[in-house]
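Taking it in order: structure first as structure tokens, then the write-up.
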Amino acid sequence: MRIVIAEDSAVLRAGLERLLADAGHEVIAAVPDANELLAVVHNDPPDLAVIDVRMPPTFTDEGIRAAVLIRKQNPDVKVLVFSQYVEEQYASELIAENTGGFGYLLKDRVADVEDFLTAVDEVAGGGTVLDPEVVSQILVRTRKKDGLSTLSPRELEVLQLMAEGKSNAAIAGTLYLSAGAVEKHISSVFTKFGLTADTSENRRVLAVLTFLGA
């Protein structure tokens, strides 16, 4: 696939470019700041943008704000935020805008190269890949919002794993629950969020968006 990298560290930028090229991808640009990223995406939209959160000139949130803008202006471009930092507000906004084709990974929690490349493929294919720590920090920020306060601790655990993109079977395995117990917890979450069976959209997606404070 065609990929653009936005990373201010020259060493890491070069490493990502080599890693992705060796995996068979075409890196059409590797840039050090958000302005160059936006210019590249505007002039020659890639399939995927790999973006750091903090870049010049202020090293605060330039990268993730650029990611939000890309998702709004170029919805066909998939976005993988790859950073040392969790920016809860913008992370919630990014996921709420579109549940597919987005990932948020923390650099120091990626176990190996294959995990990273698998995440790249998953996001490029329209999936969602979220580091559990990202989801956990969003939960801390949003759990007091209407609806979340009515959930039991177990329901919150189930909903957090749903937000990480886990299937019912994976949730059951993680929490050592039966498949039936997981289904009951999810059904209870739907009920407490007012998501009835005749809801036209995917109730699972809507529950996750509620969790993320959409």
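The values are calculated or read from the model by the stated rules, or taken from the named source; none is laboratory data. Small disclaimer: the values here were computed from a predicted structure and weren't measured. Heads up, the Cβs are rebuilt from the backbone with ideal geometry, glycines too, and the neighbour counts pull from every protein chain shown. Heads up: the accessible areas ignore ligands, DNA and RNA and are worked out on the full protein's heavy atoms, side chains in. Shrake-Rupley method; radii C 1.70, N 1.55, O 1.52, S 1.80 Å.
Details
- Rounded percent of accessible protein surface that carbon and sulfur make up, the stretch 2-144, 1.4 Å probe: 46
- Entry comment: accessible area of the chain is 48 Å² per residue, from protein heavy atoms only and a probe of 1.4 Å.
- The string of couplings for the stretch 77-92 from the Karplus curve (6.51, -1.76, 1.60, θ = phi - 60°) is 7, 7, 10, 10, 7, 10, 8, 8, 10, 9, 10, 4, 4, 6, 4, 4 Hz, one whole number per residue in order, with x for Gly and Pro.
- Net charge in the neighbourhood of ILE28 (other residues with Cβ under 12 Å of its Cβ; Lys, Arg +1, Asp, Glu -1) is -3.
- Under the Karplus curve 6.51 cos²θ - 1.76 cosθ + 1.60, θ = phi - 60°, whole-Hz ³J(HN,Hα) for the stretch 38-47, x wherever Gly or Pro sits: 5, 5, 5, 4, 5, 7, 8, x, x, 7
- Amide proton proximity set for GLY103, modelled H, under 5 Å, gap of 5+: VAL79, LEU80, VAL81, VAL129
- For the chain: relative contact order, % (alpha-carbon pairs under 8 angstrom, 6 or more apart): 14
- Most tightly packed first, judged by the mean number of other beta-carbon atoms within 10 Å of their residues, the peptides 172-182, 105-115, 66-76 read 66-76, 172-182, 105-115.
- The count of lysine pairs in the chain with alpha-carbon distances below 27 Å, taking only pairs 8 or more places apart or on different chains, stands at 15.
- Charge tally for LEU16 (other residues, Cβ to Cβ under 13 Å; Lys, Arg +1; Asp, Glu -1): -2.
- Mean shadow area of the stretch 8-145, taken as a quarter of the surface of its Cα convex hull (nm²): 7.9
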